[in-house]
Amino acid sequence: MTPELLARLQAAQAARRPVVLLTRLSDGSQSLWPEEPAPDALHVAIEAALHDDKPATVEAEGAAWFLHPHNPAPRMIVVGAVHVAQALVPMAAATGFAVTVVDPRRAFATEERFAEGATLMTEWPDDAMAALSPDERTAVVTLTHDPKLDDPALDAALRSPAFYIGALGSRRTHAKRVDRLTELGHGPDCIARIHAPVGLDIGAMTAPEIALSIVAEVVAARRGKRRPAA
């Protein structure tokens, strides 16, 4: 790889832009898609490599190509440094997520409570979400039950392409939340993106069990598996 190509690849990674490094095996020539065009016959394979996060070798236009996808790391933004978050962070980190915990309550968002696995932000959720800018590889989970904290995060998440949005709370709590989000201008189809109650229905009771159900549902959403309709 040339220094110029390496620099462009690093710049794409820093900007969280998904790219695919294409190598023509017959002569070793390389290019970076989509910054540079690729043969039309490769487009389906390129999209599949990005979706699956897996390299592939394919034949196109009489040549063999090696496709190496470089996706930004999946992220999880957790709003609320509560007990469930303490259990959720190591599980999410173990499944490959870069985790950020957002909570302006500095007594909760401490390094002692989150020793490893998470970046802590003590900004208010609206400011934090603006700085983090959720993208297609971001999951957002709100855990506080406090509308002052959860609602701004959900509002920002619904205006983003985040692949997963979940909110802790009962169905009654969520019904009130829906009313508030509707007042903020979100329609039914948009609000339906929220998984509430958050997590797969496994009968979870304890904080670790709830965290497990959340991670399982996030992974299912990331891998294209849908939760059965209630």
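The values are calculated or read from the model by the stated rules, or taken from the named source; none is laboratory data. Keep in mind the model is a prediction, meaning the values are calculated, not measured. Cβ placement follows ideal geometry from the backbone for every residue including glycine, while neighbour counts extend to all protein chains displayed.
Go through the stretch 115-127 residue by residue and tally those that are buried (at least 21 other Cβ atoms within 10 Å of the Cβ) and within 21 Å of P90 (Cα to Cα). Write out each step before concluding.
From the stretch 115-127, those buried (at least 21 other Cβ atoms within 10 Å of the Cβ) are 118, 121, 125; that's our starting set.
After this cut, where a residue has to be within 21 Å of P90 (Cα to Cα) as well, the list is 118, 121.
Looking only at that region, the number is 2.
Checking the conditions here, which among V44, V58 is assigned to a strand (DSSP E or B) and either among the hydrophobic types (A, V, I, L, M, F, W, C) or within 18 Å of the chain's Cα centre (by Cα) (or both)? Talk me through it step by step, then tell me what you get.
Numbers: V44 fails: assigned to a strand (DSSP E or B).
Result of the check over V44, V58: V58.
Among (1) surrounded by 19 or more Cβ atoms within 10 Å (Cβ to Cβ); (2) without any contact (Cβ under 8 Å) to a residue 40 or more places away in the chain, where does V79 come up short?
(2)
Within the stretch 96-118, how many residues are hydroxyl-bearing (S, T, Y) and at pLDDT 95 or above?
Of the residues in the stretch 96-118, 1 are hydroxyl-bearing (S, T, Y) and at pLDDT 95 or above.
Among the helices (runs of 4 or more DSSP H) confined wholly to the stretch 166-230, which include 1 or more residues that are in contact with a strand residue (DSSP E or B) (Cβ under 9 Å, 6 or more places away or on another chain) and more than 21 Å from A81 (Cα to Cα)?
Details: elements: 171-183, 188-191, 207-222.
Helices (runs of 4 or more DSSP H) meeting the threshold: 171-183, 207-222.
So, of the residues in the stretch 156-165 that are touching a residue at least 24 places away in the same chain (Cβ under 8 Å) and in a loop (DSSP other than H, G, I, E, B), which turns out to be surrounded by the fewest Cβ atoms within 10 Å (Cβ to Cβ)? Lay out the reasoning, then the answer.
Just the residues of the stretch 156-165 that are touching a residue at least 24 places away in the same chain (Cβ under 8 Å), to begin with: 156-158, 160-165.
Subsequent filtering for residues that are in a loop (DSSP other than H, G, I, E, B) retains 160-163.
Working: S160: 17, P161: 10, A162: 21, F163: 18.
Of everything passing the filter in the stretch 156-165, P161 is surrounded by the fewest Cβ atoms within 10 Å (Cβ to Cβ).
Determine the pairs where a residue that is on the phi > 0 side of the Ramachandran plot, located within the stretch 138-155, has a partner that is buried (at least 21 other Cβ atoms within 10 Å of the Cβ) with Cβ atoms under 7 Å apart, the partner being 6 or more residues away or on another chain.
Correct list of pairs: H145/L168.
Restricting to the stretch 8-34, what's the tally of residues that are outside any loop (DSSP other than H, G, I, E, B), surrounded by 10 or more Cβ atoms within 10 Å (Cβ to Cβ) and not charged (D, E, K, R)? I'd like the intermediate steps shown before the answer.
As a first pass, look at the stretch 8-34 and keep what is outside any loop (DSSP other than H, G, I, E, B): 8-14, 19-24, 30-33.
Now restrict to residues that are surrounded by 10 or more Cβ atoms within 10 Å (Cβ to Cβ): 8-13, 19-24, 30-33.
If we keep only those that are not charged (D, E, K, R) as well, we get 9-13, 19-23, 30-33.
Looking only at that region, the number is 14.
Do we find that A109 is crowded, with 19+ Cβ neighbours inside 10 Å, in a loop (DSSP other than H, G, I, E, B) and touching a residue at least 12 places away in the same chain (Cβ under 8 Å) in this structure? Give the derivation first.
Details: crowded, with 19+ Cβ neighbours inside 10 Å: yes; in a loop (DSSP other than H, G, I, E, B): yes; touching a residue at least 12 places away in the same chain (Cβ under 8 Å): yes.
Judged against the criteria, A109 is a match.
For the stretch 182-202, check the following and say yes or no: at least one residue is in contact (Cβ under 8 Å) with a residue 40 or more places away in the chain and touching an Asp or Glu at 6+ places or on another chain (Cβ under 9 Å).
Restricting attention to the stretch 182-202, the residues satisfying the condition of being in contact (Cβ under 8 Å) with a residue 40 or more places away in the chain are 194, 198.
Pick out the ones that are also touching an Asp or Glu at 6+ places or on another chain (Cβ under 9 Å) and you get 198.
Looking for residues that are in contact (Cβ under 8 Å) with a residue 40 or more places away in the chain and touching an Asp or Glu at 6+ places or on another chain (Cβ under 9 Å), one finds at least one in the stretch 182-202, hence yes.
Considering each of D126, D135 in turn, give the residue that is among the charged types (D, E, K, R) and outside any loop (DSSP other than H, G, I, E, B). Outline the logic, then answer.
Working: D135 fails: outside any loop (DSSP other than H, G, I, E, B).
Only one candidate qualifies: D126.
Suppose we filter the stretch 16-28 for residues that are at pLDDT 95 or above and polar (S, T, N, Q); how many remain?
Residues meeting the conditions: 1.
Quick check on the stretch 82-106: of everything there that is more than 14 Å from the chain's Cα centre (by Cα) and within 20 Å of L154 (Cβ to Cβ), which residue is surrounded by the fewest Cβ atoms within 10 Å (Cβ to Cβ)?
To start, the set of residues in the stretch 82-106 that are more than 14 Å from the chain's Cα centre (by Cα) comprises 82-88, 90-91, 94, 102-106.
Remaining after also requiring within 20 Å of L154 (Cβ to Cβ): 82, 84-85, 88, 102-105.
On the way: V82: 20, V84: 23, A85: 28, L88: 31, V102: 28, D103: 27, P104: 16, R105: 14.
Per the criteria, the residue is R105.
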